[in-house]
1. What are the residues in segment 163-177 that are free of Cβ contacts under 8 Å to residues at least 40 places away in the same chain, surrounded by 20 or more Cβ atoms within 10 Å (Cβ to Cβ) and within 25 Å of Lys33 (Cβ to Cβ), if any?
2. Do any residues in segment 32-44 that are assigned to a helix (DSSP H, G or I) have Cβ atoms under 6 Å from those of residues that are surrounded by 15 or more Cβ atoms within 10 Å (Cβ to Cβ) and not small (Gly, Ala, Ser), where the two are at least six apart or on different chains, and which pairs are they?
3. Met1 passes all but one of (1) surrounded by 15 or more Cβ atoms within 10 Å (Cβ to Cβ); (2) in contact with a helix residue (DSSP H, G or I) (Cβ under 8 Å, 6 or more places away or on another chain); (3) not polar (S, T, N, Q); which number fails?
4. Of all residues being in contact with a Gly (Cβ under 6 Å, 6 or more places away or on another chain) and among the acidic types (Asp, Glu) in segment 1-52, which is farthest from Lys84 (Cα to Cα)? Just the residue, please.
5. Would a scan of segment 88-99 turn up a residue that is at pLDDT below 90, among the aliphatic types (A, V, I, L, M) and assigned to a strand (DSSP E or B)?
6. Does any residue of segment 189-199 turn out to be out of contact with any Gly (no Cβ under 9 Å at 6 or more places or on another chain) and assigned to a loop (DSSP other than H, G, I, E, B)?
7. Sort out which residues of segment 74-92 are in contact (Cβ under 8 Å) with a residue 40 or more places away in the chain and within 20 Å of Ala57 (Cα to Cα), and write them in order of number.
8. Between Ile49, Ile55, Ile79, which is of a type in the set (A, V, I, L, M), at negative phi and within 14 Å of the chain's Cα centre (by Cα)?
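The values are calculated or read from the model by the stated rules, or taken from the named source; none is laboratory data. On a predicted model such as this, the values are computed, not experimentally measured, just so you know. A quick note on method: Cβ atoms are made from the backbone with ideal geometry, for glycine too, and the neighbour counts reach across all protein chains shown.
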Amino acid sequence: MIYLVEHFYSIQGEGKYIGTPSLFFRFGGCNMKCEGFGCEEVLEDGTTILGCDTIHAVNKQHFSNYWTQITKVDEILSILSSYKLPPHVDIVLTGGEPLIYANEPVFIEFLNALHVAGHRITFETNGSLHVDFLEYPVFKECIFALSVKLYNSGEPLSKRVRGEVLKSITSNAKETFFKFTIGASYINIDLEDEISSIVKYAPKTQIFCMPLGGSKKEVEANTEPLVEFCKLKGYNFSDRLHMRIWDKEKGV
């Protein structure tokens, strides 16, 4: 059983394949809360929920109306077939954290069906959960965007940085790259050291840095300082096009 929060056809807004037409499947549930990011959702009753910019895919308690239970692969494949898409369009699996379902039979069936159909599959993951590449070889055909969380996420180090998991994913997956979320206030003398302490587990993997923000205004405020940081350190800057174009609107 898996939970699907939303699906939409758009362009990839972040990372190495930015601008690429992609069909997104956002799954519900995560092993982290990342309240340190400070992104807020205000409910109809005035309650403020704190977390990441996709908190509706993390907090089932307050956003259960978004969550749809999937028990059979045909239920999600019918969603895929309902779109009129170019052949072999990119499929992006995001969340929440999609890899909490890495051992679920219906999820594995879905991945195999996507691979057989010729889709390029990208996981947007925090890189902290084990993937069994031997038991489920379809993962070897996937791309992993490793959004490993930094100290500013508010999550403990032992939870957000798991070296053996990063080594396994980068050694076995078809392609990987790091994608760090950084706010202007977090750009300090320790940031490069923190990033280095993470990427040492996969030293040949490309590094992308993208601005923190749950809205267009926040992303724009964090962009210029981050660009300067990337220029100084030689990292790749990743914009967040979906935020700039659609702001807080979901499902685009």
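1. Passing the criteria: Val165, Leu166, Thr176.
2. So the pair list comes out as Glu35/Leu50; Gly36/Asn152; Phe37/Cys52.
3. Failed condition: (1).
4. Only one residue fits best here, namely Glu35.
5. no
6. Yes, segment 189-199 has at least one match.
7. Of all residues in segment 74-92, those in contact (Cβ under 8 Å) with a residue 40 or more places away in the chain come to 76, 79-80, 83, 85-86, 89-92.
Listed by number, the residues that qualify are Ile76, Ile79, Leu80, Ile91, Val92.
8. Working: Ile49 fails: within 14 Å of the chain's Cα centre (by Cα); Ile79 fails: within 14 Å of the chain's Cα centre (by Cα).
None of the other options fit; the residue is Ile55.
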